[in-house]
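One structure is given here, and the rest of the page talks about it.
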Amino acid sequence: MGYQPLNPETLASSLQTVSFGKQLTHREEVSSTNVVAHELARGGCPEGTVVIAESQSAGKGRLGRSWESPVGKNLYLSLVLRPVTTPTEAAKLTLLAAVSVAETLHSELTFPPRIKWPNDILLRGRKTSGILCELVTEGERVTFVIVGVGVNLNYARAEMPQEIRGIATSVMEEAGRVVNRSAFTQRLIQSLETQYLSWQKNGFNDVARLWNQYARIEGQWMRAQVGGNNLVGKACGLDEHGFLVLESTKGITERVVAGDIFLLGGPPGTGNNEAPESDEVT
Ligand code: BTN
């Protein structure tokens, strides 16, 4: 086998959660853990059900991209949630999951990871984790949500395909040691439950505060491309509704809910627009 597979029994029994991960499906290979989680959710599985796999043959990324999923190296996890809420509210779960991944990564490292709007997690500027949330709705009601999380843990740069080698990294590459995948998975599931319960009990404020802490974008000039429109402003951070707040040079406050964001080197008209190191933040 050449790698230490995750042990679902040990994992489920060591979890200090109310419901998350108590139903845990572990597979050697799946097309996508999100697809398996969808099937379980349609079959009526309880909230908190988790699917993990050693590899994915068709790992799904955002915007129709694929997600590299080599065997036995990383974490491929999908969580089934059944929040009693609207699709707009449930969209915040992506931001919440990003906070949980950032918190779990931080516990492995001597430096904080960075969240890149809305939900990539970077280590020293390179992507180590991505989140794909899929909502199934009936009108204005959410039936279930699949929160899919991929984290590059023990993925050596030399093993990454050429296309991602310059932009991706793993915890092992950044920490200089092999990561215990079971312990990481356990901590991530616990953090997901902690953030989820906090959101349900106290609203989005605490999650937004942590998101802002890890995104560190406050005070940065940016351009948001929303549909055909461009909004330029200084970032004030994520608000309690999950909107990214920008303040224009005229002091007008704009709220961005989705779209691409590009960092600028400074305010408009200072010659600093779209700095060479501009970062696409979606
Ligand atoms: C992104 O494009 O950044 C999102 C990547 C999400 C990958 C994870 S791996 C576990 C789950 N199953 C999938 O097929 N995708 C998500």
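Has the stretch 3-12 got any residue that is modelled with pLDDT of 95 or more, among the aromatic types (Phe, Trp, Tyr) and more than 8 Å from the ligand (Cβ to nearest atom)?
no
Could you tell me which residue of the stretch 65-105 is surrounded by the fewest Cβ atoms within 10 Å (Cβ to Cβ), considering only residues that are away from the ligand (no atom under 13 Å from the Cβ), farther than 24 Å from residue 164 by Cα and of a type in the set (Val, Ile, Thr)?
84
For residue 184, all conditions in the list (1) modelled with pLDDT under 90; (2) under 23 Å from residue 123 (Cα atoms); (3) out of contact with any Gly (no Cβ under 7 Å at 6 or more places or on another chain) hold save one; what is the number of the exception?
(1)
Within the stretch 85-121, which residues are more than 15 Å from residue 150 (Cα to Cα) and of a type in the set (Ser, Thr, Tyr)?
Scanning the stretch 85-121 gives 85, 86, 88, 107, 110.
How many of the residues making up the stretch 50-91 are among the aliphatic types (A, V, I, L, M), out of contact with any Leu (no Cβ under 9 Å at 6 or more places or on another chain) and within 28 Å of residue 203 (Cα to Cα)?
1
Based on this model, can you work out whether residue 49 counts as more than 20 Å from residue 170 (Cα to Cα), among the β-branched types (Val, Ile, Thr) and free of Cβ contacts under 8 Å to residues at least 40 places away in the same chain?
It is true that residue 49 is more than 20 Å from residue 170 (Cα to Cα), among the β-branched types (Val, Ile, Thr) and free of Cβ contacts under 8 Å to residues at least 40 places away in the same chain.
If I ask for residues that are closer than 14 Å to residue 123 by Cα and surrounded by 12 or more Cβ atoms within 10 Å (Cβ to Cβ), which ones from the stretch 157-166 would you list?
Correct list: 157, 165.
Considering only the stretch 115-163, state which residues are part of a loop (DSSP other than H, G, I, E, B) and more than 13 Å from the ligand (Cβ to nearest atom).
124, 125, 139, 140, 154, 156, 160, 161
If you scan the stretch 37-64, which residues turn out to be part of a strand (DSSP E or B) and either touching an Asp or Glu at 6+ places or on another chain (Cβ under 7 Å) or within 9 Å of the ligand (Cβ to nearest atom) (or both)?
51, 52, 53, 54, 55, 56, 60
All but one of (1) in a helix (DSSP H, G or I); (2) among the small types (Gly, Ala, Ser); (3) within 15 Å of the ligand (Cβ to nearest atom) hold for residue 183, so report the exception by its number.
Just one mismatch for residue 183, condition (3).
The values are calculated or read from the model by the stated rules, or taken from the named source; none is laboratory data. All values derive from a computational prediction rather than experimental measurement. Using ideal geometry, Cβ is built from the backbone for each residue, glycine included, and neighbour counts are taken over all protein chains shown.
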